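Okay, so here's the structure we're looking at.
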Amino acid sequence: MTAEFLSAAPLIPLPHGFFTRRGGVSRGNFATLNCSLAGHDAAEAVATNRARAMAALGLPAGALCGAFQVHGVAVATVTEAIPPEARPEADALVTNRPGLALGIVTADCAPVLFADAAAGVVGAAHAGWRGAVAGVLEETLKAMEALGASRAGIAAVVGPCIRQDSYEVGPDLRDAVLAREAGDARFFREGKREGRWQFDLPGYCAVRLVKAGAGKVGVLPADTCADAGRFFSHRRRTLAGEGPIGHQLSAIALPPA
């Protein structure tokens, strides 16, 4: 079975995909296309899943470069293939080297893929609320500019993540967002319980990208928490009291030379 992925018009024709959980070999809570290196899934299954994802994009397994994600703002510039055991501690990756696929894994956080096709620069970022508030998306744009991208020429797409109807948050998250910009109260609406709010993570990321000057900004509509058939979700797992789960991959590359 082919690894299933969603594509985004602003990133075409570059090889890219926001992968779902379908099309892999993992079992149980990791079924089936778990691409996380940090979980408790069988290493052989994860390696097969990641290879299937690359094959779906027309790339060899060794093209995939990832990061050890920590919900921060560090951006790693990739100049050569990165073996899994040497992945840098970062929450975004950028490159101008053809044939290298930049990949991040998520299970409710926002995956964001970037491309300036004319300049030959791509990027990928993991934007949980902490990273998004701290500026990981803006740092990714800066790192792409350092490789020759034009900010106005960059297309950025926010992939499948938890959406507002599913994302009930407490005052700590809301206070952190509003401490940076009081006007961002627009990304919250009254929650289902007293003292709680529903947060629009993809909308927040999109507006941060627009304000930062990205030339094209898109958002895919999928809700990872609400769609158990297609996506892994930490929030859904927590609410259900389940054990460890998998993560879906999002990746982008410049075509091989």
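What to note about this one:
- Inside region 25-58, residues that are more than 16 Å from Thr106 (Cα to Cα), in a loop (DSSP other than H, G, I, E, B) and either acidic (Asp, Glu) or in contact with an Asp or Glu (Cβ under 9 Å, 6 or more places away or on another chain) (or both) make up a count of 3.
- Residue match in region 11-24 (condition: closer than 19 Å to Gly123 by Cα, hydroxyl-bearing (Ser, Thr, Tyr), modelled with pLDDT of 95 or more and assigned to a loop (DSSP other than H, G, I, E, B)): no
- Residues that are part of a strand (DSSP E or B), on the phi < 0 side of the Ramachandran plot, modelled with pLDDT of 95 or more and in contact with an Asp or Glu (Cβ under 7 Å, 6 or more places away or on another chain) do occur in region 84-104.
- Subset of region 130-155 [closer than 17 Å to Leu201 by Cα and either touching a Gly at 6+ places or on another chain (Cβ under 6 Å) or crowded, with 23+ Cβ neighbours inside 10 Å (or both)]: Gly131, Ala132, Val136, Leu137
- Exactly one residue out of Glu80, Glu139, Glu145 is more than 24 Å from Ser166 (Cβ to Cβ), assigned to a loop (DSSP other than H, G, I, E, B) and not hydrophobic (A, V, I, L, M, F, W, C): that is Glu80.
For (1) surrounded by 24 or more Cβ atoms within 10 Å (Cβ to Cβ); (2) of a type in the set (Asp, Glu), each residue gets a yes or a no:
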| residue | (1), (2) |
| --- | --- |
| Ala51 | no, no |
| Leu59 | no, no |
| Gly72 | no, no |
| Glu80 | no, yes |
| Pro83 | no, no |
| Ala86 | no, no |
| Asp91 | yes, yes |
| Asn96 | no, no |
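- Where a residue in region 148-159 is among the charged types (D, E, K, R) and its partner, wherever it lies, is not in a helix (DSSP H, G or I), with Cβ under 9 Å and at least six apart: Arg151/Asp116; Arg151/Ala212; Arg151/Gly213; Arg151/Ala214; Arg151/Gly215
- Yes/no for Val217 being under 17 Å from the mean Cα position of the chain (by Cα), assigned to a helix (DSSP H, G or I) and surrounded by 15 or more Cβ atoms within 10 Å (Cβ to Cβ): no
The values are calculated or read from the model by the stated rules, or taken from the named source; none is laboratory data. Since we're looking at a predicted model, the values are computed, not measured. Virtual Cβ from ideal backbone geometry, glycine too; neighbours counted across all protein chains shown.
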